[in-house]
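Notes follow once the structure below has been shown.
The values are calculated or read from the model by the stated rules, or taken from the named source; none is laboratory data. This is a predicted model, so every value here is computed, not measured. Cβ atoms come from the backbone with ideal geometry, glycine included; neighbour counts cover every protein chain shown. Just the protein is used for accessible areas: all its heavy atoms, side chains included, with ligands, DNA and RNA removed. Shrake-Rupley method; radii C 1.70, N 1.55, O 1.52, S 1.80 Å.
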Amino acid sequence: MYVLADCNNFYASCERVFNPSLIGKPVIVLSNNDGCVIARSNEAKALGIKMGEPAFKIKDTIERHNVAVFSSNYTLYGDMSQRVMNTLASFTPDIEIYSIDEAFLGLHGFRYVDLIEYASQIRKTTMRNTGIPISLGIAPTKTLAKVANHIAKKQPAHNGVYMIATDEQRVEALKNYEIGEVWGIGRQYSKFLMRYGVNTAYDFTKMPAGWVRRHMSVVGLRTQKELLGIPCIDLEHTAPPKKAIATTRSFGEMQTDLGYLKEAVASFAANCAHKLRKQKSVAQIVMVFAHTNYFRDDLPQYSASKTITLPVPTSSSIELAHYAIEALKRIYKPGYSYKKAGVIVSGISTNQHIQTSLFDTIDREKHNRLMAAMDKINDKYGRGTVKIAAQGAGRKWKLRQEKVSPKYTTSWSDIITIKV
């Protein structure tokens, strides 16, 4: 059996852990630059606040219902996620961390264990250790575990735990599960299937396998078999290396100066380089883009991107920042107010087999030693303790986070003080 453990309203729950007065009150968390809603408590959902809604459009609702609003605090959320995953891993070594707030657990050797009771223990222990509420869905396949988790969340009578154990339960669950909600069925496939009268997951299981294979490839056929209770997707204990890495940001203030844009792009490139080194890979293609604010009709609009192929694949922050700035220079036009920029690296391969160049002038061994030393210092003393000069020190382009909560668990200056 597989279990999907999913944190309830994760970002909002993290904020509540350190501010219990928010329990029972509407809470929302905003995206970068305090733009759109990316997390809601159940109370905020009941007010009709939708995911992705721009914050300025719901200003009246926020004030009328005294909604607690937070800027996204990914440092806090990342640390809380690690604590949740550590707790889950104490119940089984067979675990796949699927996202920041979801994990699949394998319970294949638990034949003589009451799985509902065991899952309830997991839920209580996670709540006790971290303060984060979770829901658990149990089923013979990962895709059905997603369906079971949905039922555990939506139907309070199950106390956050639901198991699809019999074929009758499977059929009943799938008949009430919209096709667009099925794990692996994207928006386009959902529209396509609905044109053929496939509105629920159950309808999908009744489609001929050959038809599914012909129109949705082996991936769609695998999803159909999983919904039928036939395991096709095993746990992935280590995340596969990324094929592309992106760092993009909207600026807290629109930028017109090339100097500040260069600092931003250099920082994005350095961030991509750090991620490459973490997964022991290198990239050969750098793409940089920048654009103005599409919502400002009163300002001239411009957007552009530039891709550069590097002579030798690299994960050096110095090299990637150099090429990213070169790309930026080629697309930059003065007279525009830039709202967002980003760096995307691709052409990723392992750092064990690098195709070098006869005319390469870079001392790569020296770069590797320098990057290793920089990563070691930053890991010990905090990100950004040491950085390349091109990243600058002003950070005038940094994100707007007017309502960010303290980093309770990762910063000594923000640690909670208890008065007795």
Legend entry - Charge dipole magnitude, Cβ of K and R +1, D and E -1 - the chain, Cα centre, debye nearest 20: 660 debye
Inset, instruction - Tally up the carbon and sulfur contribution to the accessible surface of the chain as a whole percent, 1.4 Å probe, everything protein left in place. - result: 52 percent
Inset, instruction - Alpha carbons only, please: Rg and Dmax for segment 2-158, in angstrom. - result: 16.5, 55
Inset, instruction - Determine, for each peptide in 245-253, 209-217, the mean count of other beta carbons within 10 angstrom over its residues, then list the peptides with the highest first. - result: 245-253, 209-217
Inset, instruction - Sort out for me the Cα centre separation of segment 186-208 from segment 338-411, rounded to whole Å. - result: 44 Å
Inset, instruction - Hey, can you find the accessible area per residue of the chain for me, probe 1.4 Å, expressed in square angstrom? - result: 54 Å²
Inset, instruction - Anything over 20 Å Cα to Cα? Flag those among K57/K403; K380/K419; K57/K154; K124/K419, in the order listed. - result: K380/K419; K57/K154; K124/K419
Inset, instruction - Specify the inter-centroid distance of segment 1-70 and segment 144-168, based on alpha-carbon positions, in whole Å. - result: 24 Å
Inset, instruction - Place +1 on the Cβ of every Lys and Arg and -1 on the Cβ of every Asp and Glu in the chain, take the dipole about the Cα centre, and give the residue among W211, N8, N32 whose Cα lies farthest towards its positive end. - result: N32
Inset, instruction - Apply the Karplus parameterisation 6.51 cos²θ - 1.76 cosθ + 1.60, with θ equal to phi minus 60°, to every residue of segment 193-201 and state each ³J(HN,Hα) to the nearest whole Hz, in sequence, with x for glycine and proline. - result: 5, 5, 5, 9, x, 8, 9, 10, 4
Inset, instruction - Throw me the Rg/Rh for segment 166-228, computed over C-alpha atoms with Kirkwood Rh, two decimals. - result: 0.93
Inset, instruction - Give the peptides 189-196, 374-381, 312-319 in descending order of average Cβ contacts within 10 Å, highest first. - result: 312-319, 189-196, 374-381
Legend entry - 5 angstrom amide H check on V161, placed H, neighbours 5+ away: L136
Inset, instruction - Just add up the charged neighbours of A165: K/R +1, D/E -1, any other residue whose Cβ is under 14 Å from the Cβ of A165. - result: -3
Legend entry - Residue of V171, V219, V27 that the Gaussian network model of the chain assigns the largest fluctuation, springs spanning Cα pairs under 10 Å: V219
Inset, instruction - Name the lysines eligible as straight-distance cross-link partners of K376: C-alpha to C-alpha under 23 Å, and not fewer than 8 places from it in the same chain. - result: K242, K275, K278, K280, K366, K387, K407
Legend entry - From phi via Karplus (6.51, -1.76, 1.60), per-residue ³J(HN,Hα) for segment 173-180 in Hz, x at Gly/Pro: 5, 6, 5, 9, 10, 5, 4, x
Legend entry - Choice from G229, G197, G78 with maximal GNM fluctuation in the chain (Cα, 10 Å cutoff): G197
Legend entry - Cα gyration tensor shape of segment 245-391, rounded if a/c is under 1.5, else prolate or oblate by comparing a/b with b/c: prolate
Inset, instruction - Give, in nm to one decimal, the length gained when the segment between S346 and T238 is fully stretched (0.36 nm per residue of separation minus the Cα-Cα distance). - result: 36.8 nm
Inset, instruction - Return the single residue from L136, L299, L310 with maximal mean-square fluctuation; model: Gaussian network over the chain, springs between Cα atoms under 10 Å. - result: L299
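Between T248 and I354, 0.36 nm times their residue separation minus their Cα-Cα distance comes to what?
So the chain would gain 35.5 nm between T248 and I354.
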